[in-house]
Amino acid sequence: MDNNTKYRSAIGVDFHPLTMDKKLTLGGIEIPYTKGLDGHSDGDALTHAIIDSILGIAALGDIGTFFPDSKPEYHLKYSIDLLSEVINMVNNKGWYLTFLDATIIAESPKMTNHLKNMKKILSSRLKLEIDDISIKATSTNGLGFVGKEKGIGAIAISTAKIEM
Ligand SMILES: [Zn+2]
């Protein structure tokens, strides 16, 4: 490890309730399902977790600091566009992402067929190679609100470096 290079990893976690009258968007892609995620903008819990992990790299706060729920201009925005803004913020502080690892927590639908497309979109927004992005999916095996299909969550860890 170069003495002049500093590394950091930072975490992000998010959950949203499932509702009948919204489309399901995760990692910037629309996934066919009978329900969608309610809440802030398009309710993209995966992208929100990634945003919080990226903001954590530069210790800038969380998504609510920059895109508060109270401001209606963010309600119509796609979360994936907010991700691009956040990447620029940390780049301006000198931090550059080197790796992203994330896990979606959902009972259904199955995510397997969608992970490749999510990685493709995230790769272009995060300015990362596809091989430097890991997206996984798990369930709670029927336990709790995720298991009852009342919500979907995500956890993300970003790693970044800065040249001092
Ligand atoms: Zn969220």
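Bear in mind that the values in this text are calculations on the coordinates, not laboratory data. Fair warning: this is a prediction, and the values are worked out from it, not measured in the lab. Reconstructed Cβ throughout: ideal geometry from the backbone, glycine too, with neighbour counts over all protein chains shown.
Tabulated data
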| item | result |
| --- | --- |
| Dipole magnitude of the range 1-78 about its Cα centre (Cβ charges: Lys, Arg +1; Asp, Glu -1), debye to nearest 20 | 100 debye |
| Choice from GLY153, GLY39, GLY28 with maximal GNM fluctuation in the chain (Cα, 10 Å cutoff) | GLY39 |
| Cut-off 18 Å, label 7 Å out along Cα→Cβ of ILE130, residues of the range 23-46 by amide N | 27-30 |
| Largest to smallest principal axis extent of the C-alpha atoms in the chain, angstrom | 51, 33, 26 |
| Principal axes of the range 67-151: Cα extent on each, largest first, Å | 43, 37, 19 |
| Gaussian network model of the chain, Cα within-10 Å springs - most flexible of TYR33, TYR78, TYR96 | TYR33 |
| Distance histogram in 5 Å bins (all Cα pairs of the range 108-164, percent per bin) | 4, 14, 22, 19, 15, 12, 8, 3, 2, 1 |
| Three-way shape label, the range 23-102, alpha-carbon gyration tensor, a/c 1.5 | oblate |
| Full-stretch length increase - ASP38, SER70 - with 0.36 nm per residue and alpha-carbon distance subtracted | 10.0 nm |
| Stokes-Einstein D for the range 24-71, Kirkwood Rh over Cα pairs, 4 °C, 1.567 mPa s (µm²/s) | 112 µm²/s |
| Stretchable slack from ASN92 to LYS6, in nm (0.36 nm times residue separation minus alpha-carbon distance) | 29.4 nm |
| Contact order normalised by residue count of the range 5-163, Cα under 8 Å, 6+ apart, percent | 34 percent |
| Calculated [θ] (222 nm, deg cm²/dmol) that DSSP helices of n ≥ 4 give over the chain, each run adding -39,500 (n - 2.57) | -8000 deg cm²/dmol |
| Whether the range 94-141 is rounded, prolate or oblate, judged on the alpha carbon gyration tensor where a/c under 1.5 counts as rounded | prolate |
